[in-house]
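Worksheet: the structure to be examined is printed underneath.
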Amino acid sequence: MNLLKKVSCAALLGIFSQVVAAADSGHDLYMKRGCYQCHGTVGQGSIAGPNLLPKLMPYAAFAIYVRTPANQMPPFSEKVLSDAELRSVHAYLASLPASPAADSISLLPKAGGK
Amino acid sequence: MVAAETMGGMHSGHSEDLPGHVSNPGSDFMVDVLKAANIEYVAMMTSSALRGLQESIAYYGKNKAPELIICPHEEIAVGVAHGYAKMAGKPMACMVHSTVGLMHASMAIYNAWCDRVPLMVIGGNTADATKRRQGVEWIHTAVDQAAMVRDFVKFDDFPGSLQHFAESFMRAQALSMTPPMEPVLILADGELQEVPAEDPKSLKIPKMVEVSPPEGDARSVAKAAAILLAAKNPVIVVDRSARTAEGVGLLIKLAEALNAPVVDQCGRMNMPTTHYLNHTWLKAKLLRSADVILALEVGDLWGVVNTISDTPGRPSKRVAKPDVRVISISTNHLYSKSNYGDIQRYQEAELTMAADAQATMPSLIEAIRKGTTAAQATAIAARKQPMQADFLAMRNAARDAAALGWDASPISTARLSQEIWAQIKNDKWSLVSDPFYVSYWQHRLWDISEYKQFIGGSGGYGLGYGLSAAVGAALACKSEGRIAINIQPDGDLLMVPSALWTLAHHKIPLLTLMHNNRAWHQETMHLQRMGTRRDRNAESWREGTLIEEPFVDYAMMAKSMGVWAEGPISDPALLGPAIKRALAVVRSGLPALLDVVTQPR
């Protein structure tokens, strides 16, 4: 039983390590391929590109969009961003902690109107 | 008459007869002209071609109204005048050395041209070739010196006498201040500056005049009112609609008379961000459904109705409905030149008024009020509640967007914006930088309600405008105790770093927060688009667009020129306290700079 537990823990740690490694390499790719330029380093978006979080697209839809984007985003082929690399980028975005809600930020008061 | 009264007043008369002395130089009279034209400041890079005038301002004019603002580069001098004019509502002068100085200044003059800003550029030249010393003085003269900037000044002249100088300066100022407002250039002849004024009592300085801006004619105004009243979904688009605080009030009245949403392109402070009819960030949706578009001083009307994509082939498409009725009121219809593209692509409008929008609004508002039927009044009133709801949804969507990446490092531009806002919102303040580079957070989140709280952008997108214009705007803010806030892109600062010295030297209180994304980021995005679109090295964009290896220490740079500074700051938790310390310096009457390492946009 103890042996089984030890094996399960080791397996889980292995999976966890792989996820962390994928996220780390995804962050590296996210920066080097220039995704951050329009979408920000934590996917928050900007005037130049939409936010990717908090509602991250499922991987399948994400991949379709990156390969065949709408508007002015250039298409990323497998030559410049392989499927494995794209999965890492997605894993990086999925690993990011949630941003605080606007209501919890005192510097973001609710809007009024005149 | 000022000249007749003042010429000679400062002079003892003793030195006229002494060999080698000149007691009544022509440049003293030129100072009288500047004073009569109510020129408060002259930004300048010291110049041998203008040495006579510089000495006269310093001694004869006692360096007061006009006062010299010393700039280490002619581009800065013109940029300072650019920012000052927009904040002060009147031009200042800038002195630029002959050929090479005017070449340095030319980009900044072009910015002011594109931004429809009045400023008086004074250049040096010597017409009589026999009076030029060999070597440099020949190199620094030209047969037609103004030719190099003639495509982007409204008027230029090279007066041959002092009386000519007085008349031409006053004409130039009147033209510069008449919408469409533009820079003008007067060349001050070297000999005219330095030899004694002949018969000074005969010289007369014409009075400074204010030229009435052109208003739309009654027939066109009535037609515009009828089209707007018949509209179900009218949209008002503004760019440089307001010239003064009165222009803001008029736009509010116009929009409220129709309950029509306003899209502000932020060329000036046109429409309060707090008003329920400011729907700027709903632009795409509004333009798709508009049946009437009223464009007020919009430079790029084609770009309102259509769009062109930065994709291979550059396809363009119409954004607005095919049958949208377009009304354009702008002084751009009165005056243009061919060579440079700030004229933008041609877009026809059903009704075009070659008129100043602010001057035309009172009659348009009146025509709408008088022409509104009971049914139309009911329909207009019914639009109010949906407009209020859409406005609140728009503002709160911006608030939600600002929360994303709130704790990120580098610091998000939304966080940067709100950390400032929290500490200045109860003060008298002005944003004197272009919000384009920081995702327009100030216009999306701040309560910008007064004309002087925002001055628009560069006009020509020529780098080096940012800090230079902020210096000029802060100079104008100083006298009224207004805190000037400059969110400063790093690439722009690297063009004109010595403007920091001008701030320190003249003790101009300006709060500068670096938007230090360590890149020429607009180009970063362009290059990434190229590499990826060409399906080859997707990292080639790094070459030539990143400001790294080494990073620039902007705080050290500022300190070296006498400006209080801290940074780099990349932890968002440290930003608020740093702003507090910087503001204490600014409130004491001095400039301060915080180097903030930021997200790219």
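Computed from the Cβ-Cβ distance with R0 of 25 Å, the FRET efficiency linking residue B:244 to residue B:427 stands at 0.70.
Restricting things to Cα coordinates, could you compute the convex hull volume per residue of the stretch A:8-95 in Å³?
Numbers: hull volume 8.5 nm³, N = 88.
Taking the convex hull of the Cα positions in the stretch A:8-95, it is 96 Å³ per residue.
Once the C-beta distance of residue B:288 and residue B:447 is scaled by a Förster radius of 35 Å, the resulting FRET efficiency is 0.75 to the nearest 0.05. Take the Kirkwood radius over Cα pairs of the stretch B:218-383, plug it into Stokes-Einstein at 37 °C and 0.692 mPa s, and you get 203 µm²/s for translational diffusion.
In plain terms, if you count all Cα to Cα distances in chain B and split them into 10 Å steps from zero, the share in each step is 3, 16, 24, 24, 19, 10, 3, 1, 0 percent.
Multiplying the residue separation of residue B:232 and residue B:553 by 0.36 nm and removing their Cα-Cα distance gives an extension gain of 110.1 nm. Please list, by residue number, everything in the stretch B:93-122 whose backbone N is under 19 Å from a paramagnetic label point 7 Å out along Cα→Cβ of residue B:138. Answer for the stretch B:93-122: B:98-100.
Considering only beta bridges that DSSP places wholly inside the protein assembly as shown, some 10 percent are antiparallel.
Test of understanding: what is the full-extension gain from residue B:207 to residue B:354, defined as 0.36 nm times their sequence separation minus their Cα-Cα distance? Please list the in-between numbers first.
Details: separation 147, 0.36 × 147 = 52.92 nm, distance 2.80 nm.
Fully extending the segment from residue B:207 to residue B:354 adds 50.1 nm.
Straight Cα distances below 13 angstrom link residue B:64 to the aspartates and glutamates B:32, B:40, B:55, with same-chain residues fewer than 8 positions distant left out. Scattering from the protein assembly as shown was approximated by placing one identical point on each alpha carbon and applying the Debye formula without solvent; log10 I(q)/I(0) at 0.09 1/Å stands at -0.87. In order along the stretch B:234-244, the Karplus-derived 3J(HN,Hα) couplings, from 6.51 cos²θ - 1.76 cosθ + 1.60 at θ = phi - 60°, round to x, 10, 9, 10, 10, 10, 10, 6, 8, 9, 9 Hz, and Gly and Pro are given as x. Report the antiparallel proportion of the DSSP beta bridges in the stretch B:218-383 as a percent, rounded to a multiple of 5. About 15 percent, rounded to the nearest 5. Distance between the modelled labels on residue B:436 and residue B:336, one decimal in nanometres: 1.9 nm (7 Å Cα→Cβ projection). Give me the percent of DSSP beta bridges within the stretch B:404-596 that run antiparallel, rounded to the nearest 5. Bridges in the stretch B:404-596 are about 5 percent antiparallel.
With a Förster radius of 22 Å applied to the C-beta separation of residue B:65 and residue B:148, the computed FRET efficiency comes to 0.10. Between the Cα long axis of helix B:162-177 and the first principal axis of chain B there is an angle of about 10°, rounded to the nearest 10. Remark: the stretch B:520-533, residue by residue, has Karplus-estimated 3J(HN,Hα) of 8, 5, 4, 6, 3, 5, 4, 6, 4, 5, 5, x, 6, 5 Hz, where x stands for each Gly or Pro and the curve is 6.51 cos²θ - 1.76 cosθ + 1.60 at θ = phi - 60°. When the label point is put 7 Å from the Cα of residue B:321 along its Cα-to-beta-carbon vector, which residues of the stretch B:236-269 have a backbone N closer than 16 Å? Answer for this model: B:236, B:260-261.
Here the extension length gained between residue B:21 and residue B:370 equals 118.6 nm, from 0.36 nm per residue of separation less the Cα-Cα distance.
Taking Cα atoms only, the orientation of helix B:357-371 departs from the longest principal axis of chain B by about 40 degrees. Proximity of backbone amide H atoms, modeled 1.01 Å from N, is registered between residue B:429 and B:483 at under 5 Å, excluding neighbours fewer than 5 places apart on the same chain. Between residue A:56 and residue B:103, the modelled labels are 5.5 nm apart [label points 7 Å from Cα along Cα→Cβ].
I want to make sure I understand the PRE zone here: with the label point 7 angstrom from the Cα of residue B:588 toward its beta carbon, which residues in the stretch B:562-576 have backbone N atoms less than 18 Å away? From the stretch B:562-576, the list is B:562-567.
As a proxy for reagent exposure, ranking B:279, B:333 by other Cβ atoms within 10 Å from fewest up yields B:333, B:279. Gap in Å between the Cα centre of the stretch B:237-295 and the Cα centre of the stretch B:492-549? Between the Cα centre of the stretch B:492-549 and that of the stretch B:237-295, the gap is 32 Å. Residue pairs exceeding 29 angstrom between C-alpha atoms, taken from B:317/B:337; B:285/B:478; B:425/B:478: B:285/B:478.
Rule-based calculations on the coordinates, nothing more; no lab input. Here the structure is a predicted model, which means the values were calculated and not measured. Neighbour counts run over all protein chains shown; Cβ positions are idealised from the backbone, glycine included.
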